[in-house]
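S.K.: The following block contains the structure, expressed as structure tokens.
The values are calculated or read from the model by the stated rules, or taken from the named source; none is laboratory data. Since the structure is predicted, the reported quantities are computational estimates derived from the model, not experimental observations. Every residue, glycine among them, receives a Cβ derived from its backbone with ideal geometry; neighbour counts consider all protein chains shown. Heads up: the accessible areas ignore ligands, DNA and RNA and are worked out on the full protein's heavy atoms, side chains in. Shrake-Rupley method; radii C 1.70, N 1.55, O 1.52, S 1.80 Å.
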Amino acid sequence: MLVNFLKMSLLNTFWTTLYIWLRPLVKWILRRTTRLCELQRICYGEEKGALRTLQIEYSLSNTRTPELKKAVHVLNNKAKDKTITQDIVYYAVFAIVRIKNINIKIHKRFPEMLGGCIMRIWGYRQMLSRLEDLRTTAYDSNNSEHEEKLLKLWSCLQPKITLEGRISKQWQEIGFQGNDPATDFRGMGMLGLENLLYFAETHPNAAQHVLLRSQHPVYGYSFAIVGINISHTAYMLAQEGLAKTHFYNSSKGFPDQNAFHQFFCYLFFEFDVLWRHEKPKDIMEFNHVKSKFEKNIRAKLKDPMALFKCHFVLENI
């Protein structure tokens, strides 16, 4: 078993190395025979969305052209600094067209097609930078904005029930562990709260539906705690890059924070569906069900056509 695994690993390494060495030659031959650069061949040969964008991303990330490397470096820094704008994308496309000596009078559609890919690629990276800022921002009870968002979460989930006090056992009714929810956001910081609040505020019917199902006497779970856990799952899928297929297919422009919130909403709702389907004996089976859930989502995201839409079907409680 181990011998076969090692053989496969060596074979994969061999083919990968061979491809890396031969790629410049193949590109040169194709450029001469088609009169199109690799970026043009991808844009004209692949449908818009993840199929096209992932290949453009690979091509730009592995370019050997010094000027293109510099352009990619600038875009990476802009995304890290969260300063990517439409103008930056325009200048990047203009630079690439100049470097590749592309006649846009003949290839009129190319700038727009390439620009769309650049928006998705570096918009995604900029989104990751913003998510990281939220994740590393600890909930602060002395911050009025943080407190306001927490109280709004309660009012969105429990619109007919008045919260008796900021420190209260009532928080446990929506799935926090104790009397003060502030302590439950340690792992995901403000990102966990922002995800929950977006779900409750933007999809109130679906969020309240999931909350009610989480309070089932047999198949119940802690709504807020599980939500924060799902927030971590969504964050990791985005950081690993596996979620690119969904974001590249769903985003017409820059993927942003709201796009990530929508991704979280889809995951949370789907987890609830699986949880009820599995009919766990108790909360001790959470890790088993969550592991199965993540495996299913990862498999779906490997499909280049992956696209998660929040079309919630509210089943029986």
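S.K.: Please enumerate the residues belonging to the stretch 201-223 that are assigned to a helix (DSSP H, G or I) and of a type in the set (A, V, I, L, M).
M.R.: Listed by number, the residues that qualify are 206, 207, 210, 211, 212.
S.K.: If you don't mind, another one. Can you tell me which residue among 106, 118, 102, 167 is in a loop (DSSP other than H, G, I, E, B), closer than 30 Å to residue 70 by Cβ, touching a residue at least 12 places away in the same chain (Cβ under 8 Å) and of a type in the set (A, V, I, L, M)?
M.R.: When all the criteria are applied, what remains is 102.
S.K.: Residues of the stretch 204-239 being of a type outside the set (S, T, N, Q) and closer than 16 Å to residue 257 by Cβ, which ones?
M.R.: 234, 235, 237, 238, listed by residue number.
S.K.: Considering only helices (runs of 4 or more DSSP H) fully contained in the stretch 224-317, which possess at least 2 residues that are crowded, with 16+ Cβ neighbours inside 10 Å and in contact with a Cys (Cβ under 7 Å, 6 or more places away or on another chain)?
M.R.: Ranges flagged: 257-278.
S.K.: Moving to a separate point now. If you check every pair at least six apart or on different chains, which have Cβ atoms under 7 Å apart with a residue in the stretch 45-67 that is buried (at least 19 other Cβ atoms within 10 Å of the Cβ) first and a residue that is of a type in the set (Phe, Trp, Tyr) second?
M.R.: Hits for this filter: 49/248; 50/248; 53/248; 54/248.
S.K.: Any idea how many residues of the stretch 192-223 are aliphatic (A, V, I, L, M), in contact with a Cys (Cβ under 7 Å, 6 or more places away or on another chain) and open to solvent by 40 Å² or more (accessible area, probe 1.4 Å)?
M.R.: Within the stretch 192-223, residues that are aliphatic (A, V, I, L, M), in contact with a Cys (Cβ under 7 Å, 6 or more places away or on another chain) and open to solvent by 40 Å² or more (accessible area, probe 1.4 Å) number 0.
S.K.: Quick one: what pairs do we get from the stretch 261-273, first residue more than 14 Å from residue 296 (Cβ to Cβ), second at pLDDT below 95, C-beta under 7 Å, 6+ apart or different chains?
M.R.: 262/310; 265/310
S.K.: Please give the number of the condition residue 176 fails out of (1) part of a loop (DSSP other than H, G, I, E, B); (2) open to solvent by 20 Å² or more (accessible area, probe 1.4 Å); (3) among the hydrophobic types (A, V, I, L, M, F, W, C).
M.R.: (2)
S.K.: Follow-up. All but one of (1) in contact (Cβ under 8 Å) with a residue 12 or more places away in the chain; (2) farther than 30 Å from residue 53 by Cβ hold for residue 277; which doesn't?
M.R.: All conditions are met except number (1).
S.K.: Looking at the structure I just gave you, is residue 149 at pLDDT below 95 and either over 19 Å from residue 258 (Cβ atoms) or open to solvent by less than 80 Å² (accessible area, probe 1.4 Å) (or both)?
M.R.: No; evaluated as a whole, the condition is false for this residue.
S.K.: Name the single residue that is most open to solvent (accessible area, probe 1.4 Å) among those in the stretch 181-191 being in a helix (DSSP H, G or I) and over 15 Å from residue 154 (Cβ atoms).
M.R.: 183
S.K.: Further, regarding this structure: Just checking, does the stretch 243-256 include any residue being out of contact with any Pro (no Cβ under 9 Å at 6 or more places or on another chain) and on the phi > 0 side of the Ramachandran plot?
M.R.: No, there is no match, as no residue in the stretch 243-256 is out of contact with any Pro (no Cβ under 9 Å at 6 or more places or on another chain) and on the phi > 0 side of the Ramachandran plot.
S.K.: Restricting to the stretch 75-99, give me the number of residues that are surrounded by fewer than 17 Cβ atoms within 10 Å (Cβ to Cβ), of a type in the set (D, E, K, R) and in a helix (DSSP H, G or I).
M.R.: Selection size over the stretch 75-99: 3.
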